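Q: Can you keep this structure in mind? I'll have questions shortly.
Values in this text are rule-based calculations from the coordinates and carry no lab data. Bear in mind that the values here come from a model prediction, so they are computed numbers and not experimental data. Glycine also receives a Cβ, built like all others from the backbone with ideal geometry; neighbour counts cover every protein chain displayed.
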Amino acid sequence: MKTIIKYVSLDLLRNKTILIYTALLAVISISVLNMDNNASKGLLSLMNITLLFVPLISILFATIYFFNSIEFIELLLAQPIKRNKVLLAEYTGLVLSLCAAYAIGVGLPLLILTKQVAALVLLVNGLLLTLTFSGLALLIFVLCKDKTRGIGIAIVISLFFSLLFDGLLLTFIYSFSDYPIDKPIVGLVALNPIDLSRILMLLQLDVSVLMGYSGALFKKLLGSAAGSIYAVVCMMFWVTVPLLIATLKFRKKDL
Amino acid sequence: MLSRNLITIIFFSVAFQAKGATINVYPGQGNLQTTIDKADRGDTLIVHQGLYKEHDILVNKKLTIKGDDFPVIDGGKKYQLFFITADSVVIEGLQVQNTGRSSMTDMAGIRLQNVSHVIVRNNLLLYNTYGIYLQNSSYCAILNNIALANAKDELNNGNGIHAWKCNHLLIRNNKISGHRDGIYFEFVTDSKISHNISILNVRYGLHFMFSSNDAYLQNQFVDNGAGVAVMFSKNVIMLNNTFRHNWGDAAYGILLKEISDSKIEHNYFTKNTVAIYMEGTNRINVANNEFDENGWAMRIQASCNANMFEGNNFQANSFDVATNGTMMLNTFDHNYWDKYDGYDLDKDKTGDVPYYPVSIYAVVTERVPVTMILYRSFLTDIMDQVEKVLPSVIPEQLKDDHPMMKKWDLK
């Protein structure tokens with residue numbers, strides 16, 4: 001398994017897309033963090049960029065990569081290796097290089113230019129989002145036969161989580177605004193990894209007060225350590241569950 | 001007018017002082033109360049350094065009580081300290097500390113009852129329930145005092161400077177911290193509060209009720225639990241004050257409720273959750289203020305009428321203006337908004353298209369506060385952009401017809 005991971009990540013580190021992705025992130029982070037004297041504002045902009053680009057690029061790149069390496073996977077499966085090991089090794093290799101890209105592109109400038117806890121939270125957030133959306137890509141790869149369709153689904157999923165979900169949430173809040181919906185909302189938010197990481201990040205910055213202003217529950221639940229733990233645990237589920245389903249499905253998949 | 005009053009007060013106190021004798025008071029030698037009882041009207045008492053464990057000290061004749069290097073008058077956390085019931089008393093240079101706490105009486109370090117022309121200056125008031133308590137008094141000056149306490153909640157604590165049913169007060173250059181309200185005014189008229197610093201109080205930095213024709217100038221209100229509240233008053237002038245970091249779930253720079261015919265000018269609002277909250281206010285002129293990095297620069301309830309907002313700078317606020325209605329009877333003109341992205345083709349330094357300071361997301365959160373959970377998501381950004389192009393939900397009359405292209409220089 002280690003050998004496969006090594007080959008996959010070495011292959012990817014030479015990949016131009018990953019290099020460009022790293023460079024792009026680095027340029028954006030450095031310019032954003034230098035542009036504003038107020039570090040927490042720079043962090044906010046960087047958060048927006050992370051929430052927009054990381055899921056989209058992770059899921060698209062991962063889906064394309066998995067479909068492109070289907071022959072390599074078939075070749076490996078012809079060897080006496082367990083199916084799950086092959087799949088997980090592929091995933092791990094990919095995730096390692098994507099996370100490295102994020103860590104170098106955003107993490108390094110953050111650690112050098114800011115001295116806030118929130119910077120660490122942003123870094124962890126970006127990495128968790130990478131893990132989650134690569135996992136979803138793996139699931140798409142396992143469930144779909146066709147590459148084009150897979151890419152289509154990947155785009156739809158990333159759009160769904162970054163935009164459509166919030167729209168539905170807003171509609172839900174509007175339609176049930178006469179009822180006490182604070183708790184259901186906190187539950188519903190867990191269904192979207194992007195929202196989770198946005199909230200987790202906001203809670204680290206002082207703008208979190210604005211959220212407390214409108215509902216005591218948000219402040220109480222999300223503002224405490226328990227809230228952050230809740231968000232992180234939900235994110236963990238988002239990382240593991242797609243992986244689990246993918247491995248289960250892959251066992252019986254006819255290649 | 002007010003400063004002339006002050007000069008008169010000082011003049012008279014100095015003039016009469018010359019006539020009286022000077023009596024020295026030392027700790028342990030007799031006590032403060034007997035010395036006061038023995039002294040004649042117009043005498044000066046020099047209270048020398050040391051600890052005076054006395055309480056309920058009644059000053060019922062015109063005296064000047066002067067501390068030499070801050071003698072300590074200690075109430076042992078049980079009693080009240082000074083009662084002043086005579087006109088023209090001067091109290092200065094004392095360290096008055098540890099009054100009791102009671103839910104029956106308002107225990108105060110220095111209490112002024114039904115007096116006029118009293119001066120309380122250069123005192124240290126430490127850990128008192130109420131620092132200075134003015135009751136039905138007029139023409140009094142509270143100057144250069146420092147009032148510190150460590151209040152933890154609103155219930156068992158008092159205010160730094162508390163004035164009830166007074167007129168013509170001058171409250172200047174005091175520093176107040178750790179009380180319930182820094183300065184509390186109720187039924188106080190024709191008074192001036194200036195150059196005070198009120199920080200880290202549990203509730204309001206300044207609490208102002210039923211007090212008309214007052215002015216507060218060049219004060220600093222920083223980090224108070226709920227900022228400053230001005231309620232049920234007329235003709236209040238607020239100039240050159242700083243409202244900074246009143247930051248919390250229910251904190252305001254200024255909370256205005258039922259205020260009319262007042263002026264809010266040249267103030268700095270920085271990092272407040274809500275810089276100005278208005279409810280039922282009429283004919284207020286809000287001009288040349290700086291709003292910087294606030295959550296909401298303004299929340300204007302629909303019950304406000306004929307207010308004028310002019311020449312202000314709005315910068316880096318999460319929301320510029322929020323309102324709960326569609327009717328808007330207030331005027332915005334010639335303000336600078338950092339979120340304005342219009343153009344100025346005729347080069348008259350004002351934008352050619354009006355600016356709508358209420359974003360659609362602000363409208364949505366005002367109607368359904370729970371939507372705050374979507375703060376800073378793409379959806380809300382996109383909604384704001386779309387609404388900018390095709391306005392449909394935001395209140396139409398709420399706009400600035402002449403948004404400035406450049407920031408006002410308010411220094």
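Q: Tell me the net charge near B:Arg283. Cut-off is 12 Å between Cβ atoms, B:Arg283 excluded, with +1 for each Lys or Arg and -1 for each Asp or Glu.
A: Value of the local net charge: +1.
Q: Would you mind calculating the gained length between B:Leu155 and B:Phe232 on full extension (0.36 nm times residue separation, minus the Cα-Cα distance), in nm to one decimal?
A: 25.4 nm
Q: Just check chain A against the gyration tensor rule for me: Cα atoms, a ≥ b ≥ c as the square roots of the eigenvalues, rounded for a/c under 1.5, and otherwise prolate or oblate depending on whether a/b exceeds b/c.
A: It comes out oblate by the Cα gyration axes.
Q: Can you tell me the orientation of helix A:16-35 relative to chain A, as the angle in degrees between its alpha-carbon axis and the longest Cα principal axis, to the nearest 10?
A: Helix A:16-35 sits roughly 20 degrees off the main axis of chain A.
Q: Could you tell me the relative contact order of segment A:2-251? Use alpha-carbon pairs under 8 Å, at least six residues apart, and round to a whole percent. Could you put the intermediate results ahead of the total?
A: On the way: 246 pairs, mean separation 66.1, N = 250.
Here the relative contact order equals 26 percent.
Q: Right, something else. Can you give me the long-range amide H partners of B:Leu134? Hydrogens built in the peptide plane at 1.01 Å from N, cutoff under 5 Å, separation of 5 or more residues or another chain.
A: For B:Leu134, whose amide H was placed from the backbone, the distant partners under 5 Å are B:Leu112, B:His162, B:Ala163, B:Trp164.
Q: Read phi for every residue in segment B:185-190 and hand back ³J(HN,Hα) as whole Hz from Karplus 6.51 cos²θ - 1.76 cosθ + 1.60, θ = phi - 60°, with x for Gly and Pro.
A: Using θ = phi - 60°, the values come out as 10, 9, 6, 10, 10, 6 Hz.
Q: Calculate how steeply helix A:165-175 sits against the longest principal axis of the alpha-carbon atoms of chain A, using the helix alpha-carbon long axis, and give the answer as 0 to 90 degrees to the nearest 10.
A: The helix A:165-175 is inclined about 40 degrees to chain A.
Q: Oh, and also: Under a plain spin-label model, where a point goes 7 Å from the Cα along Cα-to-Cβ, how far apart in nm are A:Ile245 and B:His48?
A: About 8.8 nm, to one decimal.
Q: While we're on this one: By the scheme Lys and Arg +1, Asp and Glu -1, what is the net charge of all other residues having a beta-carbon under 12 Å from that of A:Pro55? Please report the intermediate quantities before stating the final value.
A: Values: positive: A:Arg198; negative: A:Asp195.
Counting the neighbours of A:Pro55, the net charge comes to 0.
Q: Long-range amide H contacts for B:Trp296: which residues qualify at under 5 Å (H placed 1.01 Å from N, peptide plane, sequence gap of 5 or more or a different chain)?
A: B:Val274, B:Ala275, B:Phe319
Q: For each pair in B:Lys347/B:Lys399; B:Lys349/B:Lys407; A:Lys85/A:Lys147; B:Lys38/B:Lys62; A:Lys6/A:Lys145; B:Lys53/B:Lys77, compute the distance between the two Cα atoms and list the pairs where it is over 18 Å.
A: Going by Cα-Cα distance, B:Lys347/B:Lys399; A:Lys85/A:Lys147; A:Lys6/A:Lys145 fall outside the 18 Å limit.
Q: Moving on to the next point. Under a point-charge model restricted to the Cβ atoms of Lys and Arg (+1) and Asp and Glu (-1), what is the dipole moment magnitude of the protein assembly as shown relative to its Cα centre, in debye to the nearest 20?
A: Details: 57 positive and 55 negative charges, 404 e Å.
Dipole size: approximately 1940 debye.
Q: Would you work out the charge dipole size for segment A:1-94 about its Cα centre, treating the Cβ of every Lys and Arg as +1 and the Cβ of every Asp and Glu as -1, and quote it to the nearest 20 debye?
A: 260 debye
Q: Based on C-alpha coordinates, I'd like the Rg and Dmax of the protein assembly as shown, in Å.
A: Computed over the Cα atoms of the protein assembly as shown, radius of gyration and Dmax are 32.6, 114 Å.
Q: Name the residue farthest towards the positive end of the dipole of segment B:2-389 from the options B:Leu32, B:Ser359, B:Thr270, assuming +1 on Cβ of Lys and Arg, -1 on Cβ of Asp and Glu, about the Cα centre.
A: Positive-end residue among those listed: B:Leu32.
Q: Quick one: 3J(HN,Hα) in Hz for segment A:247-255, Karplus 6.51/-1.76/1.60 with θ = phi - 60°, rounded, Gly and Pro as x.
A: Once rounded to whole Hz, the list reads 5, 4, 5, 5, 4, 9, 6, 8, 8.
Q: Taking 0.36 nm per residue of separation and subtracting the Cα-Cα distance, what length does fully extending B:Ser102 through B:Leu58 add? Present the calculation step by step, with values, prior to reporting the outcome.
A: Working: separation 44, 0.36 × 44 = 15.84 nm, distance 1.95 nm.
My answer for the length gained is 13.9 nm.
Q: Compute the angle between helix A:147-159 and the longest alpha-carbon principal axis of chain A, please, reported from 0 to 90 degrees and rounded to the nearest 10.
A: So the inclination is approximately 10 degrees.
Q: Right, next: So if I place +1 on the C-beta of Lys and Arg and -1 on the C-beta of Asp and Glu, and nothing else carries charge, what would the dipole magnitude of segment B:2-389 be about its Cα centre? I want it in debye, nearest 20.
A: Dipole size: approximately 1460 debye.
Q: Once you place label points 7 Å from the Cα toward the Cβ at B:Gln113 and B:Gln220, how far apart are they in nm?
A: Computed distance between label sites B:Gln113 and B:Gln220 equals 3.7 nm.
Q: With the crude spin-label approximation of a point 7 Å out along Cα→Cβ, what separation in nm comes out for B:Asp344 versus B:Leu329?
A: About 3.3 nm, to one decimal.
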